[in-house]
Every structure is written in structure tokens, then in C-alpha cells.
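Q: Structure in C-alpha cells, see below.
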Amino acid sequence: MSSTFHVRGGRPLEGEITVRGAKNLVSKAMVAALLGESPSVLHSVPDIRDVQIVSELLSIHGVKVERDAAAGTLRMDPSNVERAHVADIDAHAGSSRIPILFCGPLLHRLGEAIIPDLGGCRIGDRPINYHLDVLRNFGAVVDKREMGIHITAPNGLQGAKIHLEYPSVGATEQVLLTAVRAHGFTELTNAAVEPEVEDLISVLQKMGAIISLQTDRTITIEGVESLGGFEHVAIPDRIEAASWACAALVTRGSVFVRGAQQKPMATFLNTFRKIGGGMDITEAGIRFFHPGTPLKAIAVETDVHPGLMTDWQQPLVVALTQADGISIVHETVYENRLGFTGALNDMGAHIQVYRECLGGSSCRFGRRNFNHSAVISGPKRLHGADITVPDLRGGFSYLIAALGAEGVSSIRGIDLIDRGYEAFREKLTALGAEFWED
């Protein structure tokens, strides 16, 4: 059973922590190693649960995985890729949705792929239909069975013209991982262009793929017969960096995030500054701090890159509970991502959620009975409470709130944070937080 995590809040976080490779890139680069005919080496790999899950999934498919967690290095040898039993895949995948991205590489290597029912954080409708439709476009045959989904490619995978109704990151990654070894050309329009997607393109290009990214969200891929391995340093995790930035703001502290980069965080940095947060940007990282003056209420809405990332929304909401005035947050990426605000209200925040689009424009969730807009009144003094982690990003946001609250908070399900935040307990200790577990 998961332990209960107790936090005594009310003290500023002060000090330095380091972020390594982005969770949203590292796991996909690990899957890409399946496509190669020689070993791959990935650097700046964080020691998180998701990396362990993908390592286990690669291993049961015959990939030899050698990991140096301290150095953050991962070596993957796909020379002996083999079929895995669906029960093994299910057992190792747990709640991860990564197995769906194994399909393209496994179809190229083995001619078939099997995936179990998929889990993942319950923050909105994340249908795998996007992925299955993508695979069908390449000529894959999808057979839904009681044990899961069995996918084959009787005539091989062929290049295709694909248009995404929504620029889904997962569907874009599926196209990339499938198209690079498909016969002929693939053109993907309305693609996701997040920094992690661009970094995955860099990984695949190092392996020998031919990929062009246009300025209009169009990606073209010329399939090749074979791919080699890669050596790559993963892009730093901009979500973790922003989470610690918000923690510095909520606790009225100062945190130097070593490894944080300005370019992939540009939209967040603008928002952070509009709220009134302070920052010092250097080549080594970024120091985020509370300037000692009142924070400012703002109106923001999430969007696909280069808009405000949805994974930044939850920690920002916690920060906005400390801002002076009325803030509005319009969530346009995941329809149920504001469900975590109820626990913040239990801690003393004043947040109201609405079905209406309260941002600058209407979105696809408007008039669909999803509470996807929030009105936050502040500043409100937070106090300790008993709370349960709902999902990865919401969980860390609760942790931020507990760190800024008066008194003791007890958080259940804290182990979920290990999926995406490396050594967060050690980092909290380094920043002077007071916590214990039982």
C-alpha cells in the first residue's frame, strides 16, 4: 500500500535542484530504440517510474537494457527483438499508456503487435482510436480481442497522407515511429510540434530517418529500409522545472532549477512574469523566486505548443490562489483537468469551475458539460488538509499547496508522483522542506 506523506508547510523553499531529461521525451526515445538494428545510448535519463516501466517492456520484447541510474545513462540493444505475451505486457505496463507506441516499431520488427487495455492519468478522454486510426492508415489490421488488441500488417506498412483532427502529441509520435520505416512517403498535417516531439525527430534523424518539419504543422517522412542506433542527450523536463518554479512562488522562496532551459519554457516564463514572479535566466539553469511584492491575477488559457502547456496549468492554479484579484484559467486540452481544484478549496482556496469557455475564444469543450474553466479569487491563506493524489500533475500541485499552507497536510497516493518527478523527496530535503512518511 502507498504510504501517507505529511508536509508541514509555511516555510520558503530555498536552494538548488537539478532537472534531467523530459519524461515526455525519454520514454518515446526508448521506444524508438526498437526500430534500430544496433544499440542506442540515451543520456540525462531521470530515475522515474515511467523509465522503469518502459525498460521492463523493452526487456520482455528481447531488448537488452543496461541502465546507470546515477549517471542518467541508458544503453539499449535491440538485436534480439522477440514477441512478448500479452499477460507480461499487461503486468509490466500497469497504468502506463506507453504500449500503444510500441505498435509501429513492433510491426516493422516482428510483423505484429499486441497491446492490453490501457490506463494512464484520468484527466480527460484520451482515446486510443487516434492511434489505431493512424496504424490503419499505414495498412495495419486491428483485431480487438478479449485479451486486448492484436495488430498485424499482412502487406507491410505503407506511407500515407494523414490529417489529425486535433494536434495530438501521442498520435504525432505514433506517426513518426511508424512512418520512418514504412514504404514510401508519409505526410502528416495538423501535427503536434511540442519541443519533445522535435527532440524525438532529432533522435530518429540520428538513426537514419528522413523527416522534415514545416512551419504549418506539416511533417513529411520518407521511409527507409533500415535504421541504426542513436546517442542522444534528452531535452530537459520543462514540466518539472515549471512545477518547482510555482513551488518557489507559493512558498515565497527561491529555487535555482539547474538544467532548465529558456527556449522550451518561453510561454511559461512570460506567464510567470505576468503573475509577478522573479527569475534569473542563465546558461546553467533558471532561478525562480518570489520578489516580495503582491502577485497579480491574470487570465490564461492552455493550448498546444507554442501555447501555454496544459501540464503547467495545475501548478499555476495553485500559484494563482496567492495572487491579488480574480484570475481566469481556460483549459482547452484535457476536459477534466480542473477536477483537482476541489481539494484546493478544502485547503482554503476559492476556486469556482464552469462549463462555459471563459478564455479568449471558444474551444471544443464548450457546451459539452465539461467543467473546463476556473475562476480563482485571491489571495487566500491555505491551511493543511487531508488530500488524495488524483493524477501525476495534480499530485505535485497538491504538494505545492501543502508546502505553502499553514499547518500539516497529509497526502495519500504520493507514490504516483514518482512516475514523473525524479527524487522529489531528496529535492524537497535539499530545499529545506519539512515532511515525513508513515
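Q: Counting Lys and Arg as +1 and Asp and Glu as -1, each charge on the Cβ, what is the dipole of the chain about the Cα centre in debye, to the nearest 20? Could the numbers behind the result be given before it?
A: Numbers: 41 positive and 51 negative charges, 180 e Å.
Here the chain has a charge dipole of around 860 debye.
Q: Measure nothing fancy, just the Cα-based angle from helix 23-32's long axis to the longest principal axis of the chain, in degrees from 0 to 90, nearest 10.
A: The answer is roughly 10 degrees.
Q: Checking the table Lys23/Lys427; Lys23/Lys161; Lys64/Lys144; Lys28/Lys64; Lys23/Lys263 against a 25 Å threshold on Cα-Cα, which pairs fail?
A: Lys23/Lys161; Lys64/Lys144
Q: Cα extents of the chain along the three principal axes, largest first, in whole Å?
A: Rounded to whole Å, the extents work out to 63, 47, 44 Å.
Q: Under the 0.36 nm per residue contour assumption, what length would be gained going from the current alpha-carbon distance of Asp88 and Ala299 to full extension?
A: 71.3 nm
Q: Please check: in the Gaussian network model of the chain (C-alpha springs, under 10 Å), which one of Val318, Val304, Val31 has the largest mean-square fluctuation.
A: Top of the fluctuation ranking is Val304.
Q: Shifting gears a bit: Once you have the Kirkwood Rh of the range 376-421 from its Cα pairs, apply Stokes-Einstein at 10 °C and 1.306 mPa s and quote D in µm²/s.
A: For the chosen part, D equals 144 µm²/s.
Q: Nearest 0.05, what FRET efficiency do Arg425 and Lys144 give at R0 = 56 Å with Cβ-Cβ as r?
A: 0.85
Q: Testing the spin-label approximation: label points 7 Å from Cα along Cα→Cβ at Lys161 and Arg367. State their distance in nm.
A: Label at Lys161, label at Arg367, 3.2 nm between them.
Q: Moving on to the next point. Tell me the per residue accessible area of the chain using a 1.4 Å probe; a whole number in Å² is fine.
A: 39
Q: Once amide H atoms are built 1.01 Å from N in the peptide plane, which residues 5 or more positions from Ala299, or in another chain, come under 5 Å H to H?
A: Result for Ala299 returns Ile328.
Q: Hey, in the GNM for the chain with a 10 angstrom Cα cutoff, which one of Met309, Met30, Met147 fluctuates hardest?
A: Met147
Q: First compute the accessible area of the chain with a 1.4 Å probe, then give the percent of it belonging to carbon and sulfur atoms. Mind dumping the intermediate values first?
A: Numbers: 7850 of 17120 Å².
Carbon and sulfur together cover 46 percent of it.
Q: Then there's this: Return one number: the angle in degrees, 0 to 90 and rounded to the nearest 10, between the long axis of the Cα atoms of helix 49-60 and the longest principal axis of the Cα atoms of the chain.
A: Once rounded, one gets 10 degrees.
Q: Here's something else I'd like to know. Among the lysines, select those whose C-alpha is under 18 Å from the C-alpha of Lys380, and discard any that sit fewer than 8 residues away in the same chain.
A: Straight-distance partners of Lys380: Lys296.
Q: Let me ask another. Run lengths n ≥ 4 of DSSP H only: what is the helix-derived mean residue ellipticity at 222 nm for the chain, with -39500 (n - 2.57) per run over all residues, to the nearest 500?
A: Values: 13 runs with 131 residues, N = 438.
So the calculated ellipticity at 222 nm is -9000 deg cm²/dmol.
Q: Taking only Cα atoms and a 10 Å spring cutoff, compute GNM fluctuations for the chain and point out the largest among Val180, Val169, Val19.
A: Maximum among the listed residues: Val169.
Q: Once the Cα atoms of helix 169-179 and of the chain are each reduced to a long axis, what angle between those two axes, in degrees from 0 to 90 to the nearest 10, is obtained?
A: 20
The values are calculated or read from the model by the stated rules, or taken from the named source; none is laboratory data. The structure presented is a predicted model; accordingly, all values stated were derived computationally and were not measured. Backbone-built Cβ (ideal geometry, glycine too); neighbour counts: all protein chains shown. Keep in mind that these areas ignore ligands, DNA and RNA; they rest on the heavy atoms of the full protein, side chains included. Shrake-Rupley method; radii C 1.70, N 1.55, O 1.52, S 1.80 Å.
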